[in-house]
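Data first, discussion second: the structure below is written as structure tokens.
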Amino acid sequence: MTQPSHKALVPFVSVANMMRLIHHIGIETMMRDLAAYIEEDFRRWDRFDKTPRVASHSDVGVIELMPTSDGEAYGFKYVNGHPGNTREGLQTVTAFGLLADVHTGYPVLLTEMTILTAIRTAAMSALAARYLAPGDARVMAMIGNGAQSEFQCLAFHALCGVGTVRLYDTDPAATAKTARNLAETALSVVPCTSPEQAIEGAQIITTCTADKQYATILTDNMIGAGVHINAIGGDCPGKTELAPAILHRADIFVEYPEQTRIEGEIQQLPPDHPVTELWQVIAGQAQGRRDARQITLFDSVGFAIEDFSALRYIRDRIAGTDMFEPLDMLADPDDPRDLFGMVRRAAGQGAPRASV
């Protein structure tokens with residue numbers, strides 16, 4: 001039986017190898033590194049193909065594809081969002097992604113992205129806060145203590161210097177889980193019994209809830225001057241977390257308006273309501289935080305360029321390591337015009353492979 005040629009093999013990062021990579025690098029170092037990749041790509045925003053994600057909605061959730069290209073590499077992520085999954089012991093969000101060479105169309109990386117998306121989302125949140133949050137912010141309220149919460153807390157510690165996190169969830173068990181997971185970190189963790197208690201003294205407020213519905217996690221009277229809101233739970237049509245009055249008082253920053261106006265908090269506003277694209281702030285073309293009393297809102301829904309950055313990062317970090325498996329993924333016949341002959345000659349060999 002002939003073996004696959006090197007051109008047929010695609011590096012595959014499994015869940016096990018992703019976890020090995022995280023422990024090898026260190027999760028906070030990985031978040032800082034990944035934020036740097038995102039920042040680099042946001043500075044070259046104009047080079048990317050940009051389109052709202054392709055979504056297939058159902059009564060129980062959504063399945064989405066998130067593609068983009070910078071002209072040299074092409075990447076996409078498959079991701080779902082099914083809030084009811086936790087009742088059956090399943091993840092709300094799962095994902096995988098692929099990076100390919102534009103010049104040949106050949107994939108160069110296939111990777112799990114359930115864990116990677118959690119790290120990427122947290123790194124993106126903290127990167128935005130570096131431009132938008134008060135410079136002396138050291139306390140964050142984390143409202144919604146599901147699978148993303150620990151990653152958010154650690155990213156804000158790593159990138160923004162947050163030292164205290166105040167936790168709240170409608171499910172006390174979720175808060176207890178998050179507090180337990182963060183107990184041995186450098187963070188001071190304060191479990192709270194209400195969102196009002198959680199935001200006491202917080203200069204940054206992160207909302208990350210999962211229910212697929214219009215919701216009011218933060219009411220207008222809860223938000224005072226000078227805070228930064230990191231709203232990451234509202235990420236599809238009909239799913240929001242903030243009272244509309246907050247939006248009218250805040251300066252709103254988004255990833256890609258054409259997508260955020262469909263999926264984000266600003267779906268509650270007229271389509272011409274002014275927003276600022278975060279890439280413009282990062283590139284120095286627009287202002288972020290202006291003064292100490294300004295309310296800033298990062299209306300984050302996640303965008304394909306961030307996942308592209310994450311795929312680039314993983315491709316670079318696994319080079320020269322054993323933290324991937326060569327996946328026999330591409331048919332590669334000796335004669336590229338003779339795919340059928342390759343299949344025919346495989347009879348009795350046990351595997352339809354070309355010679356090395």
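How many residues, within segment 180-194, are surrounded by 13 or more Cβ atoms within 10 Å (Cβ to Cβ), farther than 15 Å from Ile27 by Cα and under 24 Å from the mean Cα position of the chain (by Cα)? Full working, then the answer.
So in segment 180-194, the residues surrounded by 13 or more Cβ atoms within 10 Å (Cβ to Cβ) come out as 181-182, 185, 187-192.
With the extra rule that they be farther than 15 Å from Ile27 by Cα, the set shrinks to 188-192.
After this cut, where a residue has to be under 24 Å from the mean Cα position of the chain (by Cα) as well, the list is 189.
The qualifying residues number 1.
Take the residues in segment 55-85 that are aromatic (Phe, Trp, Tyr) and under 15 Å from the mean Cα position of the chain (by Cα), then tell me which one is least open to solvent (accessible area, probe 1.4 Å).
Residues of segment 55-85 that are aromatic (Phe, Trp, Tyr), as a first pass: 74, 76, 78.
From what's left, under 15 Å from the mean Cα position of the chain (by Cα): 76, 78.
Numbers: Phe76: 50, Tyr78: 68 Å².
Result: Phe76.
So if I check each of Pro134, Pro52, which one is surrounded by 16 or more Cβ atoms within 10 Å (Cβ to Cβ), outside the structural domain of Pro336 (by the TED database) and in a loop (DSSP other than H, G, I, E, B)? So that I can check it myself, show each step before the final result.
Details: Pro52 fails: outside the structural domain of Pro336 (by the TED database).
Being surrounded by 16 or more Cβ atoms within 10 Å (Cβ to Cβ), outside the structural domain of Pro336 (by the TED database) and in a loop (DSSP other than H, G, I, E, B) holds for just one of Pro134, Pro52, which is Pro134.
Between a first residue in segment 261-281 that is β-branched (Val, Ile, Thr) and a second residue that is open to solvent by 40 Å² or more (accessible area, probe 1.4 Å) and not in a loop (DSSP other than H, G, I, E, B), which pairs have beta carbons less than 9 Å apart while being 6 or more apart in sequence or on different chains?
Ile262/Ala55; Val275/Asp251; Val275/Arg261; Thr276/Asp251; Val281/Tyr131
How many residues, within segment 241-280, are part of a helix (DSSP H, G or I) and either open to solvent by less than 10 Å² (accessible area, probe 1.4 Å) or among the acidic types (Asp, Glu) (or both)? Can you show your working first?
So the first thing to find is which residues in segment 241-280 are part of a helix (DSSP H, G or I), and the list is 244-249, 257-263, 265-268, 278-280.
From what's left, either open to solvent by less than 10 Å² (accessible area, probe 1.4 Å) or among the acidic types (Asp, Glu) (or both): 246-247, 258-260, 263, 265-266, 278.
Summing the residues that are part of a helix (DSSP H, G or I) and either open to solvent by less than 10 Å² (accessible area, probe 1.4 Å) or among the acidic types (Asp, Glu) (or both) in segment 241-280 gives 9.
When you scan segment 211-240, how many residues do you find that are surrounded by 20 or more Cβ atoms within 10 Å (Cβ to Cβ) and either out of contact with any helix residue (DSSP H, G or I) (no Cβ under 7 Å at 6 or more places or on another chain) or at pLDDT 95 or above (or both)?
Total satisfying the criteria: 8.
Sort out which residues of segment 302-328 are buried (at least 24 other Cβ atoms within 10 Å of the Cβ), hydrophobic (A, V, I, L, M, F, W, C) and in contact with a Lys or Arg (Cβ under 6 Å, 6 or more places away or on another chain), and write them in order of number.
The answer is Ala310, and nothing else.
Please pick out the residue among Asp338, Asp299, Asp334 that is buried (at least 17 other Cβ atoms within 10 Å of the Cβ) and either more than 25 Å from the chain's Cα centre (by Cα) or of a type in the set (Asp, Glu) (or both).
Numbers: Asp338 fails: buried (at least 17 other Cβ atoms within 10 Å of the Cβ); Asp334 fails: buried (at least 17 other Cβ atoms within 10 Å of the Cβ).
It is Asp299.
When you check Met113 against the structure, is it in contact with a Ser or Thr (Cβ under 8 Å, 6 or more places away or on another chain) and crowded, with 24+ Cβ neighbours inside 10 Å, yes or no?
On the way: in contact with a Ser or Thr (Cβ under 8 Å, 6 or more places away or on another chain): no; crowded, with 24+ Cβ neighbours inside 10 Å: yes.
When the stated conditions are applied, Met113 does not pass them.
Tell me whether segment 63-85 contains one or more residues that are in contact with a helix residue (DSSP H, G or I) (Cβ under 9 Å, 6 or more places away or on another chain) and under 30 Å from Arg293 (Cβ atoms).
Looking through segment 63-85, none of the residues is in contact with a helix residue (DSSP H, G or I) (Cβ under 9 Å, 6 or more places away or on another chain) and under 30 Å from Arg293 (Cβ atoms).
Can you tell me how many residues within segment 1-21 are closer than 18 Å to Glu306 by Cβ and part of a helix (DSSP H, G or I)?
So in segment 1-21, the residues closer than 18 Å to Glu306 by Cβ come out as 13, 18.
Next, only the ones that are part of a helix (DSSP H, G or I) stay: 18.
Matching residues across segment 1-21 total 1.
Would you mind finding the one in Thr170, Thr164 that is among the β-branched types (Val, Ile, Thr), surrounded by fewer than 20 Cβ atoms within 10 Å (Cβ to Cβ), within 21 Å of Ala225 (Cα to Cα) and assigned by the TED database to the domain that holds Ile223? Walk me through how you get there before you give the answer.
Values: Thr170 fails: within 21 Å of Ala225 (Cα to Cα).
When all the criteria are applied, what remains is Thr164.
What is the residue count in segment 53-83 for residues that are modelled with pLDDT under 90 and more than 17 Å from Glu263 (Cα to Cα)?
0
Taking segment 305-342 on its own, how many of its residues are part of a helix (DSSP H, G or I) and closer than 30 Å to Asp41 by Cα? It would help to see each step written out before you state the result.
The first filter runs over segment 305-342 and keeps only residues part of a helix (DSSP H, G or I), leaving 305-318, 339-342.
Next cut, closer than 30 Å to Asp41 by Cα only: 305-318.
Looking only at that region, the number is 14.
Could you say which residue among Ala35, Ala16, Ala8 is open to solvent by less than 20 Å² (accessible area, probe 1.4 Å) and out of contact with any helix residue (DSSP H, G or I) (no Cβ under 8 Å at 6 or more places or on another chain)? Before the answer, list the steps.
Numbers: Ala35 fails: out of contact with any helix residue (DSSP H, G or I) (no Cβ under 8 Å at 6 or more places or on another chain); Ala16 fails: open to solvent by less than 20 Å² (accessible area, probe 1.4 Å).
Checking each option against the conditions leaves just Ala8.
Any chance you could count how many residues in segment 185-208 are out of contact with any His (no Cβ under 8 Å at 6 or more places or on another chain), part of a loop (DSSP other than H, G, I, E, B) and closer than 28 Å to Gly135 by Cβ?
6
Go through segment 97-123 and count every residue that is assigned to a strand (DSSP E or B) and within 21 Å of Val301 (Cα to Cα). Can you show your working first?
Quick first cut of segment 97-123, residues assigned to a strand (DSSP E or B) only: 97-101, 107-112.
Narrowing further to those that are within 21 Å of Val301 (Cα to Cα): 97-98, 112.
Summing the residues that are assigned to a strand (DSSP E or B) and within 21 Å of Val301 (Cα to Cα) in segment 97-123 gives 3.
Within segment 86-96, work out how many residues are out of contact with any strand residue (DSSP E or B) (no Cβ under 7 Å at 6 or more places or on another chain) and outside any helix (DSSP H, G or I). Reasoning before the result, please.
Of segment 86-96, the ones out of contact with any strand residue (DSSP E or B) (no Cβ under 7 Å at 6 or more places or on another chain) are 86-91.
Right, trim to outside any helix (DSSP H, G or I) and you get 89-91.
Residues flagged as out of contact with any strand residue (DSSP E or B) (no Cβ under 7 Å at 6 or more places or on another chain) and outside any helix (DSSP H, G or I) within segment 86-96 amount to 3.
The values are calculated or read from the model by the stated rules, or taken from the named source; none is laboratory data. Being a predicted model, the structure only gives us computed values, none of them experimental. Please note: Cβ atoms are built from the backbone with ideal geometry, for glycine as well, and neighbour counts cover all protein chains shown. Note: accessible area is taken over every heavy atom of the protein model, side chains too, but ligands, DNA and RNA are not part of it. Shrake-Rupley method; radii C 1.70, N 1.55, O 1.52, S 1.80 Å.
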